[in-house]
1. Looking at segment 72-88, can you tell me whether even one residue there is touching a residue at least 40 places away in the same chain (Cβ under 8 Å), among the small types (Gly, Ala, Ser), in contact with a Pro (Cβ under 7 Å, 6 or more places away or on another chain) and over 18 Å from Thr203 (Cα atoms)?
2. Which residues, taken from segment 279-309, are more than 18 Å from Ser252 (Cα to Cα), buried (at least 16 other Cβ atoms within 10 Å of the Cβ) and not basic (Lys, Arg)?
3. Take residues that are in the same structural domain as His225 (by TED's automatic domain parsing) and tell me which of the helices (runs of 4 or more DSSP H) falling wholly in segment 44-147 contain 2 or more.
4. Of the conditions (1) within 21 Å of Gly106 (Cα to Cα); (2) modelled with pLDDT of 90 or more; (3) surrounded by fewer than 18 Cβ atoms within 10 Å (Cβ to Cβ); (4) of a type in the set (D, E, K, R), Arg159 fails just one. Which one is it?
5. At pLDDT 95 or above, among the aliphatic types (A, V, I, L, M) and out of contact with any Pro (no Cβ under 9 Å at 6 or more places or on another chain), is that true of Val204?
6. Given the structure, is Val247 over 24 Å from the mean Cα position of the chain (by Cα) and in contact (Cβ under 8 Å) with a residue 60 or more places away in the chain?
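The values are calculated or read from the model by the stated rules, or taken from the named source; none is laboratory data. Quantities reported herein were computed from a predicted structural model and do not represent experimental measurements. Here the Cβ positions follow ideal geometry from the backbone for every residue, glycine too, while neighbour counts run over all protein chains shown.
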Amino acid sequence: MPSSVMPTPKQNGERPSPAAVSAVGLRKSYGDRTVLDSIDLHIPAGTVFALLGPNGAGKTTAVKILSTLVTADGGRAQIAGHDLATSPQAVRAAIGVTGQFSAVDGLITGEENMLLMADLHHLPRAEARRVTAELLERFDLVEAAKKPAATYSGGMKRRLDIAMTLVGDPRIIFLDEPTTGLDPRSRHTMWQIIRQLVAGGVTVFLTTQYLDEADELADRVAVLHDGTIAAQGTPDELKRLVPGGHVRLRFSDPAAYRTAAATLHEATHDDEALSLQIPSDGSQGALRAILDRLDAAAVHADELTVHRPDLDDVFFALTSPDRSKEIVR
């Protein structure tokens, strides 16, 4: 197993959680270009999974395959317990999809967009109006409901888009770059909506170009590069793959600083600032080891800070041409 790939629960000998989405050996090519090459996924129900990757990495293709819009060339997948190849209709009944480009019809009102979606789901008229009213209120679109959707802001259109996706009460939602082009306030509103969905038991499969978004929302993250999963795990697990993490200790007493420097031989010294920088993955065990050594030397630091790489560092390390040199071995 490549050291850059985090083991799955099954590989650790643990019993994996029930999967809302699972895939083994998923493959897709267009001509002589391989877009997905043996992709494996296990996404527990009621979680947020984020798929990251450069433009053209295959993120949207993965979403299209798992949502039955495109047929895979190989491998197998199950969505909500239904086989993707043999039960596509059952899969479609269990999922909702919000693509990169809005499905909102700007020529009709927000309410009419909702009712149209309800009609596509074959909801009875009374049920359609009830669901539409509830979702418009939930997404703070009541005041704009009678206005043409073309007059909506980008954030309002995105909220309407997701509200339309929820008409069929899906338990699994694919969100393909849902906040692209939104202002910071609208992005945070969308994050709140996603958290509320997951709190209600919905599983969210998210693709995004924003690394902070994945860090903020996702329970697990996978980085797609050259058609393969370069690494996957929790955001914290992925951050520990990349070197550069350290613990910084600052002292006000020069004598304590010198004692600590003599004790922590691997530390980088800053004599002017009376600070030490110790390479560390930021884990609890690593931090405890440093503190135990300081306690044994009877020295006390006035300030301790932990610095770890963020998902941006992980992304660049995994997707750069010489990434094998940057990943912890």
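1. no
2. Those that are more than 18 Å from Ser252 (Cα to Cα), buried (at least 16 other Cβ atoms within 10 Å of the Cβ) and not basic (Lys, Arg): Ser280, Asp281, Gly282, Ala286, Leu287, Ile290, Pro309.
3. So the answer is 59-66, 88-94.
4. For Arg159, the failing item is (3).
5. Numbers: at pLDDT 95 or above: yes; among the aliphatic types (A, V, I, L, M): yes; out of contact with any Pro (no Cβ under 9 Å at 6 or more places or on another chain): yes.
Yes: the conditions hold for Val204.
6. Yes, satisfied.
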